[in-house]
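The values are calculated or read from the model by the stated rules, or taken from the named source; none is laboratory data. Quick caveat: nothing in here was measured; it's all calculated off a predicted structure. Heads up, the Cβs are rebuilt from the backbone with ideal geometry, glycines too, and the neighbour counts pull from every protein chain shown.
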Ligand code: FAD
Ligand code: AMP
C-alpha cells in the first residue's frame, strides 16, 4: 500500500515550504517534494527566491552598494580609504554562502516541523495521487487527501536572444559573473532588470537597458516612476525606452544586439547581455493528462480567490498561479491554503501586497497608484514629503526621493502609499499595516513617530494630505 498524507506539497520554494510547515503546525501529516540541486549538486530547498532570486540578488546589491559608498561617498564623511577595489569572486562566494545557510535553514525547519521530505520530480495523477520520480528514474506513488502545487516560475526566453549562460545570460547567470563586465546590455526594464543593472553599474560597468515599452515602470505610481527614471539615469544607467530587441549575434566574448526604436533599426555591442523579460509558470510534466486540473489562458494553473483549483482538494499557490510573482505573496497563499485545509476560514487581502524594487534608492509601493484611482474616477487627496527635508536622511546623506500618501477625498482612508527613497521597503510596510487596519491619513498624522527617523517622512506625507505638514510648505488648497 502506498503512503498516505493529509497534505502533499509539490515544490519547496517560499510558497511550498511555508505551506508545508504551516500544514504540519496545524497537525496535518505533511510531505513536500523538491528536485532542485544547488551549486554543490545537492538538493537545495527554498526555490527561486533563496537559490537564484530574492536573496542572492539582494546579497549582490548590498555588496555592490558598499563598494559604491566606499568609492563615492566615504570621503564626504571624512573617511579616506586609499584605493577601493572589488574582488568579484569573493562577492559571489559570499552570496553563495548566504544561499547555503538559508537553504540549509529551510531543511532544518522542514525536519523540525515533522514534514516528510521527498527528493525528486512530483507529478499529480488522477484521484489525488502523486508520483515521485527520483534522479535515477525510479518512481513511487503517494496518496493524498490534499495536494498543493507550488512549482513556481522560470525566466522567459525570447527567440532573438537565446541564453547560453556565458555571454547571453538570464537572471540566474547574471548572479554569477566572475568579473566586472566592461559593457553590459540588459533586455527589460522590469524589477529584475533594474536590480541586476544596479549591481553591475555600481561596480563600474557601463549599463544599457533596452525596454520595448515607451513607458518606464508603467505599473508604478507615475510620479514615483518619473523620479526613479531621473535618479537611475543620473546614476549612469542608460535606459532606452521603446527599444525592442529583434536579434543578437555572439562573436567570441561579445554580443551585438539589434533593436528597433522610433528612429528605425540600431545595434549595440556588449560584453554581457542579461535577458530579463519576465518569468513564466513551471508546469512541465506536473499534471497527468487526467488530473483534472485546468489552466488559464496564459498558462498559469487556474485557481479561485482561495487558491483552489478545478479539482476539490487540489490547490495551487505562488508564481504558478495568477497575481504578482512575489515571494511574500507565495508564502501567504501557502499559509492561507494550509489553514483552509485544516478547516479554518482563512483568506488573503490581495489588495495590500507590497512590492519593492531594490535599487538605490528603493522603490516600494502598496495599494493603488494615483493614475489607477483617477482612471476609476475616485477623487483623492495626495500628500508628498521629500527626503531632502528629512533630518535623518540628511544625516545619512541619502536624500533622494519622497513618500507619497494617497487618501480618498471623501473618507480620508489611505488608498495607496508609494515610496522612493532610503529604506522604502520598510517604510511602505508601515503604510501597509495602516491600510490593513483601515487607517485614515489623519490617523497616521496623529501618531507619534520617533525622531529622527526616516518614518517621519511617512508621518509628514500623511499630514500633507490635508495640508498640515510641519516640515515643508503645504500646497495652497
Ligand atoms: P519558486 O520559488 O520558483 O519555487 C518552486 C520550487 O518548485 C522550485 O524549487 C522548483 O525546483 C520546484 N519544482 C517545480 N516543479 C517541481 C516538480 N514537478 N517536482 C518537484 N519540485 C518542483 N520576489 C520578492 O518577493 N522579492 C524579491 O526581492 C525578489 N527578487 C527576485 C530576484 C530575482 C533575480 C528573481 C528571479 C526573482 C525574484 N523574486 C522576488 C521572485 C520570487 O523569487 C518568486 O516570486 C518566488 O520564488 C515564488 O515562489 P514559489 O514558491 O511560487 O516558486
Ligand atoms: P518584468 O516582466 O517586470 O520583469 O519586465 C520585463 C520587461 O521586458 C517588460 O517591461 C517588457 O516590455 C520587456 N521586454 C520584453 N521583450 C522585450 C524585447 N524583445 N526587447 C526589449 N524589451 C522587452
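Output the number of residues of the range 142-191 satisfying the condition of being in a helix (DSSP H, G or I), out of contact with any strand residue (DSSP E or B) (no Cβ under 7 Å at 6 or more places or on another chain) and within 10 Å of ligand 2 (Cβ to nearest atom).
0
The rows are residues; the columns are (1) touching a strand residue (DSSP E or B) at 6+ places or on another chain (Cβ under 6 Å); (2) within 16 Å of ligand 1 (Cβ to nearest atom); (3) at pLDDT below 95.
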{"residue": "16", "(1), (2), (3)": "yes, yes, no"}
{"residue": "26", "(1), (2), (3)": "no, no, no"}
{"residue": "31", "(1), (2), (3)": "yes, yes, no"}
{"residue": "45", "(1), (2), (3)": "yes, yes, no"}
{"residue": "64", "(1), (2), (3)": "no, yes, no"}
{"residue": "69", "(1), (2), (3)": "no, no, no"}
{"residue": "81", "(1), (2), (3)": "no, no, yes"}
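Suppose the filter is within 12 Å of residue 208 (Cβ to Cβ), at pLDDT 95 or above and not assigned by TED's automatic domain parsing to the domain that holds residue 129; does residue 232 pass it?
No; evaluated as a whole, the condition is false for this residue.
Got a sec? Which of 400, 425, 393, 469 is touching a strand residue (DSSP E or B) at 6+ places or on another chain (Cβ under 6 Å) and touching a residue at least 12 places away in the same chain (Cβ under 8 Å)?
Going through 400, 425, 393, 469 in turn, just one is touching a strand residue (DSSP E or B) at 6+ places or on another chain (Cβ under 6 Å) and touching a residue at least 12 places away in the same chain (Cβ under 8 Å): 425.
From 250, 311, 282, 320, which residue is surrounded by 22 or more Cβ atoms within 10 Å (Cβ to Cβ) and either under 23 Å from the mean Cα position of the chain (by Cα) or at pLDDT 95 or above (or both)?
The conditions single out 320.
Is one or more of the residues making up the range 149-161 more than 29 Å from residue 302 (Cα to Cα), in contact with a helix residue (DSSP H, G or I) (Cβ under 8 Å, 6 or more places away or on another chain) and surrounded by 17 or more Cβ atoms within 10 Å (Cβ to Cβ)?
no
Go through the range 202-219 residue by residue and tally those that are on the phi < 0 side of the Ramachandran plot, surrounded by fewer than 23 Cβ atoms within 10 Å (Cβ to Cβ) and within 16 Å of ligand 1 (Cβ to nearest atom).
1
Filter the range 124-141 down to residues that are in a loop (DSSP other than H, G, I, E, B) and within 12 Å of ligand 1 (Cβ to nearest atom) and give me whichever is surrounded by the most Cβ atoms within 10 Å (Cβ to Cβ).
Step by step, filter the range 124-141, then rank; the result is 134.
Residues that are on the phi > 0 side of the Ramachandran plot, in contact (Cβ under 8 Å) with a residue 40 or more places away in the chain and crowded, with 21+ Cβ neighbours inside 10 Å: does the range 105-123 have at least one?
no
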